[in-house]
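The structure appears below as structure tokens.
The values are calculated or read from the model by the stated rules, or taken from the named source; none is laboratory data. What you see is a predicted model, and the numbers here were worked out from it, not measured in a lab. Here the Cβ positions follow ideal geometry from the backbone for every residue, glycine too, while neighbour counts run over all protein chains shown.
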Amino acid sequence: MQKYINRTAITLYLNLLIGLIHVLHEFEILNFIPDTYYFIIPVSFLLTLIVWNGLLILDKNK
């Protein structure tokens, strides 16, 4: 169970959630974020992807 709740897994879950919000907004199924602030979603997706990749590399080097 520990491998599903470590920091790398939680970062991946957060990244998948941000990606799901992005897809739902693109298909206009979910619009709770105003368009003026929407640039935050793709930027946060890329940042969590970078953090997740870095954590994978750190875990592999341990």
Within the range 27-50, which residues are of a type in the set (Val, Ile, Thr) and within 14 Å of Leu16 (Cβ to Cβ)? Ile41, Thr48
Residue in the range 20-27 that is in contact with a Leu (Cβ under 8 Å, 6 or more places away or on another chain) and charged (D, E, K, R) present: no
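Taking the residues in the range 23-41 that are assigned to a loop (DSSP other than H, G, I, E, B) and aromatic (Phe, Trp, Tyr) as candidates, determine which candidate is surrounded by the most Cβ atoms within 10 Å (Cβ to Cβ). Give the steps one after another, and end with the answer.
Initial filter on the range 23-41 (assigned to a loop (DSSP other than H, G, I, E, B)): 27-34, 38-39.
Narrowing the set further to residues that are aromatic (Phe, Trp, Tyr) leaves 27, 32, 38-39.
On the way: Phe27: 8, Phe32: 7, Tyr38: 14, Phe39: 10.
For the range 23-41, the residue satisfying everything is Tyr38.
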How many residues does the range 33-57 contain that are at pLDDT 95 or above and either over 22 Å from Ile10 (Cβ atoms) or small (Gly, Ala, Ser) (or both)? 2
